1. So which pairs qualify, if the first residue must be in segment 45-58 and without any contact (Cβ under 8 Å) to a residue 40 or more places away in the chain and of a type in the set (A, V, I, L, M), the second must be surrounded by 11 or more Cβ atoms within 10 Å (Cβ to Cβ) and assigned to a loop (DSSP other than H, G, I, E, B), the Cβ gap must be under 6 Å, and the two must be at least 6 apart or on different chains?
2. Working only within segment 36-61, note down all residues that are assigned to a helix (DSSP H, G or I), open to solvent by 60 Å² or more (accessible area, probe 1.4 Å) and not aromatic (Phe, Trp, Tyr).
3. In the list 71, 11, which residue meets the criterion of being touching a Gly at 6+ places or on another chain (Cβ under 9 Å), modelled with pLDDT of 90 or more and open to solvent by less than 30 Å² (accessible area, probe 1.4 Å)?
4. Tell me which residues, restricted to segment 19-41, are within 14 Å of residue 70 (Cα to Cα) and in contact (Cβ under 8 Å) with a residue 40 or more places away in the chain.
5. Starting from residues that are acidic (Asp, Glu) and more than 24 Å from residue 97 (Cα to Cα), keep the ones in segment 1-51 and report whichever is farthest from the chain's Cα centre (by Cα).
Amino acid sequence: MAAKFPDSFIADALERSLKNSKDLKAVNSVVVATARSLANRLDYLFANDFVTSSGKFDNVTVPTFLKYLQALGLTLDMTESRAKPAAKADGGPVKQVQNDFEKYIKKFG
């Protein structure tokens, strides 16, 4: 039986995915918080034809959000088998996003 996917806001769908994810730990909290923020922004943009409050078209938030989903393991990579990949020694994509976020915070406060 196929899973049912209700028509919902992106933020709500993200929460459902986070709830059903078994691999997330406390170390992922900064990535989860940023993904939540991006999901809320996407809900706003979707309601406004992807035009920001300053009148500019936003073509950055969607790919950024997808990168965060990928870092959290919430996307499917259709080029590989559905078997769970082995964990990388360097911490994998979640660690990379966390490192990037820490660099951003140091640079821009």
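1. 45/58
2. 36, 37, 40, 41, 47
3. Unique residue meeting the criteria: 71.
4. Hits for segment 19-41 are 21, 23, 24, 28, 31, 32, 34.
5. The residue in question is 49.
Rundown of residues vs (1) modelled with pLDDT of 80 or more; (2) over 15 Å from residue 14 (Cα atoms), yes/no style:
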| residue | (1), (2) |
| --- | --- |
| 32 | yes, no |
| 37 | yes, no |
| 47 | yes, yes |
| 51 | yes, yes |
| 59 | yes, yes |
| 65 | yes, no |
| 92 | no, yes |
| 98 | yes, yes |
| 102 | yes, yes |
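The values are calculated or read from the model by the stated rules, or taken from the named source; none is laboratory data. In this text the structure is predicted, and so the values were computed from the model without any measurement. Positions of Cβ are generated from backbone atoms using ideal geometry, with glycine treated the same way; all protein chains shown enter the neighbour counts. For accessibility, only protein heavy atoms count, side chains too; no ligands or nucleic acids. Shrake-Rupley method; radii C 1.70, N 1.55, O 1.52, S 1.80 Å.
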